[in-house]
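Q: I'd like to ask some things about the structure below.
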Amino acid sequence: YKVVDDFEWISVASFYPFLICVRKDSRFQSLKQLIYEARKNSAGLTYGSAGVGSILHTTVELMANETKTKFLHVPYRGEAPAITGLLQGDIDFIAATSGPISPRIRSGEFRALAVTGKSRWRDFPDVPTVEEEGIPGFEVISWTGLAGPANLPRSIVDKLNAEVRRAIAVPEIKSKLEGMGGDPRATTPAEMRALLSFLLS
């Protein structure tokens, strides 16, 4: 199927970045230090992901490509097992979704080295962006949203778009989405379609 054309795109509901994290007892205090070590260590540092081809995998591979370094990928069957792998010391670092990893950062189990968005994340204002750590223009974010079947009547698309906007303006819902690590923001159907088209270009 054609990803863009075979759906009616209604609205994005929430955007969220990823966090590059290590264990609290890791020798790495910054992303710059981790990258420097990777350049020296031909055996490569290890990182975990939610699986081959997942955005957590491709985020680190993009970082490696941009810095001319190599990391050894350890794929897990999902993000939760990868986080457990880091907690147990089986891997050196991880790129993790902001929602699941944030409570563990706050509790002190993990240390965040960088955030993958263009700006610092509201929950961890002291954590620099990947760009601040020396990779110009680096940005990886993801999102959740609402789509329907192709040829959904425009009146229904517009109604659903309005309901998404209304829902994420409700303080309790906005707070819930923020608690899951997101930045609640609606888009028009055209903006969501353009986002998909850009990502797939």
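The values are calculated or read from the model by the stated rules, or taken from the named source; none is laboratory data. Every value quoted in this text rests on a predicted model; they were computed, and no experiment measured them. Backbone-built Cβ (ideal geometry, glycine too); neighbour counts: all protein chains shown. The area values use the complete protein model at the heavy-atom level, side chains included, leaving out ligands, DNA and RNA. Shrake-Rupley method; radii C 1.70, N 1.55, O 1.52, S 1.80 Å.
Q: Within segment 117-124, identify whether any single residue is surrounded by fewer than 11 Cβ atoms within 10 Å (Cβ to Cβ), among the polar types (S, T, N, Q) and more than 17 Å from Trp9 (Cα to Cα), and answer yes or no.
A: Checked against the condition, which is being surrounded by fewer than 11 Cβ atoms within 10 Å (Cβ to Cβ), among the polar types (S, T, N, Q) and more than 17 Å from Trp9 (Cα to Cα), segment 117-124 yields no hits at all.
Q: Given the options Ala64, Ala50, Ala43, name the one that is surrounded by 22 or more Cβ atoms within 10 Å (Cβ to Cβ) and of a type in the set (A, V, I, L, M, F, W, C).
A: Ala50
Results for (1) closer than 21 Å to Gly48 by Cα; (2) of a type in the set (A, V, I, L, M); (3) open to solvent by 20 Å² or more (accessible area, probe 1.4 Å), shown as yes or no for each residue.
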position	(1), (2), (3)
Gly85	yes, no, no
Asp90	yes, no, yes
Ala95	yes, yes, no
Glu131	no, no, yes
Thr144	no, no, yes
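Q: Next up: Got a sec? Which helices (runs of 4 or more DSSP H) wholly within segment 35-150 have at least 2 residues that are out of contact with any helix residue (DSSP H, G or I) (no Cβ under 7 Å at 6 or more places or on another chain) and closer than 23 Å to Lys176 by Cβ?
A: 98-107
Q: May I pose another question? Considering only segment 1-47, state which residues are among the acidic types (Asp, Glu) and closer than 19 Å to Glu191 by Cα.
A: The answer is Asp5, Asp6, Glu8.
Q: What's the number of the condition Lys32 fails, among (1) under 13 Å from Ala112 (Cα atoms); (2) open to solvent by 50 Å² or more (accessible area, probe 1.4 Å); (3) not in a helix (DSSP H, G or I)?
A: With (1) under 13 Å from Ala112 (Cα atoms); (2) open to solvent by 50 Å² or more (accessible area, probe 1.4 Å); (3) not in a helix (DSSP H, G or I) applied to Lys32, the lone miss is (3).
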